[in-house]
1. What are the principal axis extents of the Cα atoms in region 305-355, in Å, biggest first?
2. Could you work out how far apart the two model spin labels at residue 327 and residue 175 are, taking each label as a point 7 Å from the Cα in the direction of the beta carbon, and quote it in nm?
3. Please compute the length gained on full extension between residue 161 and residue 309, using 0.36 nm multiplied by the number of residues separating them and subtracting their Cα-Cα distance.
4. Can you work out D for region 118-192 in µm² s⁻¹ from Stokes-Einstein, where Rh is the Kirkwood radius over C-alpha pairs, the temperature is 20 °C and the viscosity is 1.002 mPa s?
5. Which order do 117, 28, 125, 333 fall in if you start with the one that has the fewest other Cβ atoms within 10 Å?
6. Report the FRET efficiency, 1/(1 + (r/R0)^6), for residue 154 and residue 68, where r is their Cβ-Cβ distance and R0 is 35 Å, rounded to 0.05.
7. List 312, 226 from most exposed to least, where exposure is judged by having the fewest other Cβ atoms within 10 Å.
8. Order of 165-175, 319-329 by packing, highest average Cβ count within 10 Å first?
């Protein structure tokens, strides 16, 4: 074995990264003096990318695979490094491993309420929070724009900036959507997609992407929620008098439990008064105040009648007219009559309302 083969064997190295931190985005391979040996083996695993930086200049990006760091495999680096040593000397460069997997279950939320104009409630405020996922899509741009020379870059170092972008775009999307506050819960999926699309351009400038964004909750300020709860309660209660009686009984029962016998006695007395009131008496057994009489029923509907005579129909005649006709003989018991709602023609004597029109002759006077 020659001297050059021996020296080459001494410089063989293996460069790789195994991450178990779950939040590290970039890690720099540490070597004393940043001396990377010629012919070293670079292992890039799935979910990783390796960024090669030589003398402060980004030289190349390696995707998953096994690489031999030689001049024929690194054409970009060849133009930057002069190989003037016969035993193929090491070169001083830096290798950064970039995690390209998704970082999930990241939190975002509105620090202050968002002002918007609701079509039902008018100007109002709301809060929102949820989760999102982020991943590196362009390792070179991410290194240039965000990481720089940081030897170990974690998700926490950029999450604050991403949250600010999400909140900004969420505020704009929600304010311009025109969706009522009460209907936003049914549209959180669509709102999440619109927000993710709106921030994609800003995030892409960092070499990042947000594949998932979820809105878990949209809520109103406590004062507005309290007013909305009261409005909802009024609709649920229905009969306000019954609800007042129920609430009073509940309060008396709780008061009796707290104050013992005295409270129980007072509660029993008031409960009896309430029972008497519900039974129709006054609060303490006295006669109830005169109630307002109910309005009279509507007058009955007056019928009008038609009379069949010699194959012709005459009328309509009111009941008073029918009475005069019965008196002068133009309407007899055998005359056929009809009115609205009656099942066919009937004889006048068979209609109870008209039978009364025919005068019954009185019996002869008693003998004196």
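Every number in this text was worked out from the coordinates using simple rules, so none of it is lab data. Since this is a predicted model, take the numbers as computed values, not measurements. All Cβ positions, even for glycine, are placed from backbone atoms using ideal geometry, and neighbour counts span all protein chains on display.
1. Taking max minus min along each principal axis of the Cα atoms, region 305-355 gives 27, 24, 18 Å.
2. 8.6 nm
3. The residue 161-residue 309 span can extend by a further 43.4 nm.
4. 142 µm²/s
5. Ranking 117, 28, 125, 333 by Cβ neighbours within 10 Å, fewest first, gives 117, 333, 125, 28.
6. About 0.70, to the nearest 0.05.
7. The order, fewest Cβ neighbours first, is 312, 226.
8. Peptide ranking by packing, descending: 165-175, 319-329.
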